[in-house]
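Structure, as structure tokens:
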């Protein structure tokens with residue numbers, strides 16, 4: 001039985017990963033550590049509460065005393081983790097532009113706290129979930145990002161994630177900590193707080209509101225369905241080469257923001273008049289794209305859900321879970 005500490009397990013990607021991991025590895029024990037900020041919802045895993053294979057800890061990765069109690073087995077007599085899957089992060093670019101401090105504190109200092117605990121208590125296996133935004137942005141004809149792409153972050157959020165990536169690598173090189181890193185493209189799917197493009201578009205349309213799109217909607221993103229991301233993480237955690245980085249992308253799912261919203265509008269039977277172009281945000285990266293050939297070649301992973309099917313599934317989930325996202329918006 002593996003004992004897995006998942007940080008940020010009440011947030012969007014973490015929630016989906018917890019569900020996926022429990023389906024695939026029901027014998028494993030999960031400790032879910034989450035600060036329950038505005039984008040986290042403990043009810044997303046309510047079915048696991050009180051079960052003997054799961055424990056939720058409401059806390060922050062910046063709380064060194066709490067982490068020490070977890071890693072020494074003192075906190076609620078929980079088992080000491082032997083794997084850390086690190087999702088916990090501040091992630092919204094617009095919020096980082098308004099106030100960068102929480103991003104540096106959580107994404108850099110919080111990650112360092114976790115790394116130090118992993119180092120001190122037995123060189124615990126550590127997987128760090130990062131983003132393609134650390135690489136900057138691409139022109140329309142540039143080759144996609146890959147593991148050897150130089151870092152060139154363009155927002156406080158991206159810079160804070162780049163800093164955390166460098167820290168993770170340094171703990172492997174300096175202390176021999178068994179780490180892996182994944183840099184993923186834009187995720188979408190169930191349980192995403194309604195502030196990112198796809199979740200915002202769907203929930204706005206369900207409420208009869210227009211969908212705002214920055215500029216002319218020409219910015220391009222590579223879209224990855226969240227369940228495919230969970231499968232990739234499983235592969236990396238169980239089979240990945242220690243010390244390596246893996247880029248995880250949608251595989252042919254590059255779309256302009258305008259195309260994304262048009263696909264959603266079509267899937268929901270709405271009219272194109274529901275699109276509203278708004279003033280662009282500062283430093284808006286033009287294009288992201290991921291070359292996932294390394295993880296495909298070495299670990300046999302590739303995305304299985306195409307974009308149109310993923311949007312259909314996502315729309316259906318939000319239609320059927322209005323209570324979940326309605327409560328998130330109100331809070």
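Tabulated data for the structure shown
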{"quantity": "Top-ranked residue of the range 283-293 - restricted to ones that are out of contact with any helix residue (DSSP H, G or I) (no Cβ under 6 Å at 6 or more places or on another chain) and not in a loop (DSSP other than H, G, I, E, B), ranked as nearest to residue 185 (Cα to Cα)", "calculated": "287"}
{"quantity": "Any chance residue 249 is crowded, with 19+ Cβ neighbours inside 10 Å, touching a strand residue (DSSP E or B) at 6+ places or on another chain (Cβ under 6 Å) and closer than 27 Å to residue 166 by Cα", "calculated": "yes"}
{"quantity": "Selection within the range 123-164 - surrounded by fewer than 23 Cβ atoms within 10 Å (Cβ to Cβ) and in a helix (DSSP H, G or I)", "calculated": "156, 159, 162, 163"}
{"quantity": "Qualifying positions in the range 69-90 - touching a helix residue (DSSP H, G or I) at 6+ places or on another chain (Cβ under 7 Å), over 21 Å from residue 104 (Cα atoms) and not in a loop (DSSP other than H, G, I, E, B)", "calculated": "69, 71, 75, 83"}
{"quantity": "Qualifying residue in the range 221-240 (condition: in a loop (DSSP other than H, G, I, E, B) and closer than 20 Å to residue 172 by Cα)", "calculated": "yes"}
{"quantity": "Residue count, the range 66-96 (criterion: surrounded by 15 or more Cβ atoms within 10 Å (Cβ to Cβ) and at pLDDT below 90)", "calculated": "6"}
{"quantity": "Residue under evaluation residue 65, criteria (1) over 22 Å from residue 77 (Cβ atoms); (2) in a helix (DSSP H, G or I), criterion not met", "calculated": "(1)"}
{"quantity": "Residue among 254, 276, 239, 298 that alone is in contact with a strand residue (DSSP E or B) (Cβ under 9 Å, 6 or more places away or on another chain) and touching a residue at least 60 places away in the same chain (Cβ under 8 Å)", "calculated": "276"}
{"quantity": "Subset of the range 243-282 that is more than 23 Å from residue 139 (Cα to Cα) and outside any helix (DSSP H, G or I) - its residue that is farthest from the chain's Cα centre (by Cα)", "calculated": "271"}
{"quantity": "Which listed residue is in contact (Cβ under 8 Å) with a residue 40 or more places away in the chain and farther than 21 Å from residue 293 by Cβ, from 224, 233, 197, 138", "calculated": "197"}
{"quantity": "Flag for residue 31 being assigned to a strand (DSSP E or B), in contact (Cβ under 8 Å) with a residue 40 or more places away in the chain and in contact with a strand residue (DSSP E or B) (Cβ under 8 Å, 6 or more places away or on another chain)", "calculated": "yes"}
{"quantity": "Top-ranked residue of the range 91-105 - restricted to ones that are in a helix (DSSP H, G or I) and touching a helix residue (DSSP H, G or I) at 6+ places or on another chain (Cβ under 6 Å), ranked as nearest to residue 186 (Cα to Cα)", "calculated": "93"}
{"quantity": "So residue 191, is it at pLDDT 95 or above, at positive phi and not in a helix (DSSP H, G or I)", "calculated": "yes"}
{"quantity": "Checking residue 135 against (1) over 20 Å from residue 181 (Cβ atoms); (2) modelled with pLDDT of 95 or more, the condition it does not meet", "calculated": "(1)"}
{"quantity": "Count of the range 294-331 residues which are part of a helix (DSSP H, G or I) and buried (at least 21 other Cβ atoms within 10 Å of the Cβ)", "calculated": "8"}
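The values are calculated or read from the model by the stated rules, or taken from the named source; none is laboratory data. Fair warning: this is a prediction, and the values are worked out from it, not measured in the lab. Note that we place each Cβ from the backbone using ideal geometry, even for glycine, and neighbour counts take in every protein chain shown.
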